[in-house]
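Just below is one structure, and these are the notes that go with it.
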Amino acid sequence: NCSYFKHFTPGQSSEIFEVTTQKEYSISAAAIAIFSVGFAIIGTICVLFSFRKKKDYLLKPASMFYTFAG
């Protein structure tokens, strides 16, 4: 007699546990991840243009894009 695992003992009604994620949460998580990657790419482009063309004013928008990506 296994009383600890009472869901798996024979002779009793077994409960079926279904682990399902809600579709709305997974879609919103994917959208947030895509926006985050986009902000990181735009920040990297700003940093590369700043170093290549010696335009220091592009570093502030780059830092904002990296902050939004986080």
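The values are calculated or read from the model by the stated rules, or taken from the named source; none is laboratory data. Everything numeric in this text was worked out from a predicted model, so none of it was measured. Every residue, glycine as well, gets a Cβ built from its backbone with ideal geometry; the counts of neighbours run over all protein chains shown. Areas reflect the complete protein model, heavy atoms only, side chains present, ligands, DNA and RNA absent. Shrake-Rupley method; radii C 1.70, N 1.55, O 1.52, S 1.80 Å.
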task: Can you give me the number of residues within the stretch 31-47 that are in contact with a helix residue (DSSP H, G or I) (Cβ under 9 Å, 6 or more places away or on another chain) and either open to solvent by 50 Å² or more (accessible area, probe 1.4 Å) or in contact (Cβ under 8 Å) with a residue 60 or more places away in the chain (or both)?
output: 7
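Here is a yes/no grid of residues against (1) open to solvent by less than 100 Å² (accessible area, probe 1.4 Å); (2) under 22 Å from the mean Cα position of the chain (by Cα); (3) at pLDDT below 90:
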| position | (1), (2), (3) |
| --- | --- |
| 1 | no, no, yes |
| 6 | no, no, yes |
| 18 | no, no, yes |
| 25 | no, yes, yes |
| 29 | yes, yes, yes |
| 56 | no, no, yes |
query: residue 50 passes all but one of (1) modelled with pLDDT under 85; (2) open to solvent by less than 60 Å² (accessible area, probe 1.4 Å); (3) among the hydroxyl-bearing types (Ser, Thr, Tyr); which number fails?
result: (1)
